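As structure tokens, the structure follows; a few thoughts come after it.
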Amino acid sequence: MAIFREFFLILLLSAVGAAFSLYHGWAPLPWVEPKLAAGEIRLVDAQALDVIWLDTRPVDAFESGHIPDALFFDEADWDSSLMGLMGAWLSEPRPIVVYCGSENCGTSQRVAGRLRGALPDAEIYSLKGGWDAWAN
Amino acid sequence: MGQLSSKAYFVLLARLLLSATLLFAALPKIGDPVAFATSIEGFRLVGRQGSLWVALVLPWLELVVGMGLLIPQIRRGCGILIALLLLLFIGLHTSAWMRGLDISCGCFGQGEEPANYLWLILRNVGLLIAMIAVLIHDGRNPQRRCLKEDVPAS
């Protein structure tokens, strides 16, 4: 029976550690469903699809690093950016995932909303967590 | 101080290697459980909430068994759990490899390259063999082996 006492002690210590993580806010509460806004997609789901990545961050941020094969999309230069995107999408129609810098940057949701109007047949999402989610 | 045989040296080295591996695996994941949860989700076996539970508990279990492997009173239980964890990891990596998943292991926290399955499986098989050798050695040398177990002095 001594082995069961060992298992019990090990599991108890692990549970205490997990409670410590929750108490200090190191870990999110697992029983709280993470919120996903309409039109958002999580990184793990986007990675499972063959998608067109659309980077809406400033050009210097794009040049210093971006998701492989991502297209730069300048919202201020909408028409030419849209033409570039349409070229990629028409040659091989795939879901489009728009991202900006972080969870709360807002640009990706705004651009995704505008693109749904411009490309009504396309499947368009904004990436939850943005570039930060990818970089982490 | 008595001299250690070459077998005893090997067991000590294996015990330290296993303990260090588990501690180095656990600490980054305790610090960033969300990144670890994302890696777990990549295996496509549990949902978001399930992966958050695993990411919350598993690193602490690794930490406890990693340290416990060096504590005579609980090292047998820790050794058995480590062997079971390694078997689980080997099964998970084999499953992901067969399904052609392109994932990061998440074994030592974030920032890892995409998984090299052959290397991951061979590494865990090596650790499992070392763990089994340590368990066999401990079984043959039961002094102060486990909690409240009366072992006659040899």
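The values are calculated or read from the model by the stated rules, or taken from the named source; none is laboratory data. Values in this document were obtained by computation on a predicted structure and should not be read as measured data. So basically every Cβ, Gly included, is an ideal-geometry build from the backbone, and we count neighbours across all protein chains shown. These area figures cover heavy atoms from the full protein model, side chains too; ligands, DNA and RNA do not enter into them. Shrake-Rupley method; radii C 1.70, N 1.55, O 1.52, S 1.80 Å.
Things to note:
- Cα convex hull of the stretch B:55-97, projected area averaged across orientations, nm²: 3.1 nm²
- Helix runs (DSSP H) in chain A reaching 27 Å along axis by Cα, Kyte-Doolittle at least 1.0: A:2-23
- Shielding of peptide B:55-65 by partners, expressed as the average count of other chain Cβ atoms within 10 Å per residue Cβ, is 6.
- Across the stretch A:12-91, the volume of the C-alpha convex hull divided among the residues equals 178 Å³ per residue.
- Euclidean distance of C-alpha centroids, the stretch A:96-126 and the stretch B:26-64, integer Å: 29 Å
- If you look at the Cα atoms of the stretch A:39-81, you get an Rg and a Dmax of 11.5, 31 Å.
- Taken residue by residue and averaged, Cβ atoms of other chains lying within 10 Å of the Cβ of B:69-78 number 3.
- Cα shape, the stretch A:35-135, gyration tensor, a/c 1.5 rule: rounded
- Sequence ranges B:130-136, B:103-109, ranked by mean other-Cβ count within 10 angstrom, highest first: B:103-109, B:130-136
- Gyration tensor verdict on chain B (Cα atoms; rounded if a/c is under 1.5, prolate if a/b is larger than b/c, oblate otherwise): prolate
- Protection proxy ranking of B:5-14, A:50-59 - average other beta-carbon atoms within 10 Å, highest first: A:50-59, B:5-14
- Carbon plus sulfur fraction of accessible area for chain B, probe 1.4 Å, in percent: 68 percent
- DSSP H segments from chain B that extend 15 Å or more along their own axis, Cα-based, with Kyte-Doolittle mean of 1.0 or above: B:6-31, B:48-68, B:75-98, B:117-140
- Charge dipole of chain A (Cα centre as origin; +1 on each Lys and Arg Cβ, -1 on each Asp and Glu Cβ, all else neutral): 620 debye, rounded to the nearest 20.
- Residue-averaged beta-carbon neighbours from other chains (10 angstrom radius) around A:17-23: 5
- For the protein assembly as shown, the normalised intensity computed at q = 0.06, 0.07, 0.08, 0.14 Å⁻¹ comes to -0.28, -0.37, -0.47, -1.02 (log10 of I(q)/I(0), Debye sum over alpha carbons, equal scatterers, no solvent).
- As a length-normalised measure over Cα pairs under 8 Å and 6 or more apart, the relative contact order of the stretch A:35-135 settles at 35 percent.
- Only helices enter the 222 nm calculation for chain B: every DSSP H run of n ≥ 4 contributes -39,500 (n - 2.57), and dividing by all residues gives -23500 deg cm²/dmol, rounded to 500.
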